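The values are calculated or read from the model by the stated rules, or taken from the named source; none is laboratory data. Just so we're clear, the structure is a prediction, and the values are computed from it rather than from any experiment. When we count neighbours, we look across all protein chains shown, and the Cβ atoms used for this are built from the backbone with ideal geometry, even at glycine. These accessible areas exclude ligands, DNA and RNA; they are computed on the full protein's heavy atoms, side chains included. Shrake-Rupley method; radii C 1.70, N 1.55, O 1.52, S 1.80 Å.
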Amino acid sequence: MGLISFGKISKVHGLSGEVRFIPFSRQLDNISILKRIFLIKTPNNPPIELIISKSRIQKNAAVLKIKGIDSIDQAQQLVGSIVHVEVSDLNNLDDDEYYWFDLIGLKVYTDSQEYVGIVDSLIDRSLQSLLVVKNEDKEHLIPLTEPIVQKVDLDRSRIIIKPIEGLIE
């Protein structure tokens, strides 16, 4: 099982047990194809599989109806939960597209082979996403955009950037 963190249940929606789901990416079309999600309540216990009976996109989020969750009280118990999905349940991406989980942990180098750090996380902004790159003593916010990001090489676990002046100083 290849589970990845995919989003968070933010609040109850309506009176019939629906929940509002905020994805960790802008790739909202994946939500409509999902038939199941997983919640991990405690690290030592197996994931809990929940079946999605209905979903709809609403702004930058989704409203999910989960089988067996039929009241506000039941839905409230899910609020704040991190939602995981099976990697194989997601859409395939184009060659120049990546899921966040693909990028986290990659080493970042400049185009002159200077080590910058490791991608720790991403910040999603309305106009562009930022790579949060950390090394021992610094944190850098690198725009995830061309021409700054020159190459993402998943096979070699690295990202090559062409930093503009002041970006990594």
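Taking amide H as placed 1.01 Å from N in the peptide plane, VAL149 has its amide H under 5 Å from the amide H of LYS162, each at least 5 places away in sequence or on another chain. Phi-derived couplings, Karplus 6.51 cos²θ - 1.76 cosθ + 1.60 at θ = phi - 60°, listed residue by residue for the range 65-78: 10, 10, 4, x, 9, 10, 9, 4, 4, 5, 5, 4, 5, 8 Hz, with x used for Gly and Pro.
Measuring against 31 Å, Cα to Cα, the residue pairs LYS35/LYS138; LYS8/LYS138; LYS41/LYS162 contain LYS35/LYS138; LYS41/LYS162 as the ones spanning a longer distance.
Contact order for the chain, expressed relative to its length and based on alpha carbon pairs under 8 Å spaced 6+ residues apart, stands at 19 percent.
At most 15 other Cβ atoms within 10 Å plus a DSSP loop assignment makes a site exposed; report the longest stretch of the chain without any exposed trypsin sites (Lys or Arg not before Pro). Counting only loop sites that pass the neighbour cut-off, the longest clear stretch is 68-124. Dipole size of the range 91-169 about its Cα centre, with +1 on Lys/Arg Cβ and -1 on Asp/Glu Cβ: approximately 140 debye, rounded to the nearest 20.
Within the range 1-105, the GluC sites (Glu not before Pro) that combine a DSSP coil assignment with at most 14 other C-beta atoms in a 10 angstrom radius are GLU97. Think of it as helices only: each DSSP H run of n ≥ 4 in the chain is worth -39500 (n - 2.57), and spread over all residues that comes to -1500 deg cm²/dmol at 222 nm. Under 5 Å between amide hydrogens, built in the peptide plane, is the criterion, and for SER81 it picks out ILE9 among residues at least 5 positions away or on other chains. Accessible surface for the chain, divided over its residues, is 60 Å² per residue with a 1.4 Å probe. The residue list PRO46, SER25, LEU64 was ranked by how far each Cα lies along the charge dipole of the chain toward its positive end, using unit charges on Cβ atoms, and LEU64 comes out on top. The stretch between LEU28 and ASP96 holds 22.7 nm of extra length on full extension. This uses 0.36 nm per residue minus the Cα-Cα distance. Surface composition of the chain: carbon plus sulfur atoms contribute 48% of the solvent-accessible area (1.4 Å probe, protein chains only, all chains present).
Only Lys, Arg, Asp and Glu carry charge here, each on its Cβ (+1 for the first two, -1 for the last two); on that basis the range 71-134 has a dipole of about 360 debye about its Cα centre. Using only side-chain charges placed at the Cβ, +1 for Lys and Arg and -1 for Asp and Glu, the dipole size of the chain relative to its Cα centre rounds to 900 debye. Comparing PRO46, PRO23, PRO143 in a Gaussian network model of the chain (Cα springs below 10 Å), the most mobile by mean-square fluctuation is PRO46.
Selection among PHE6, GLN128, ILE104 by position relative to the dipole of the chain gives PHE6 as farthest towards the positive end (Cβ unit charges, Cα centre).
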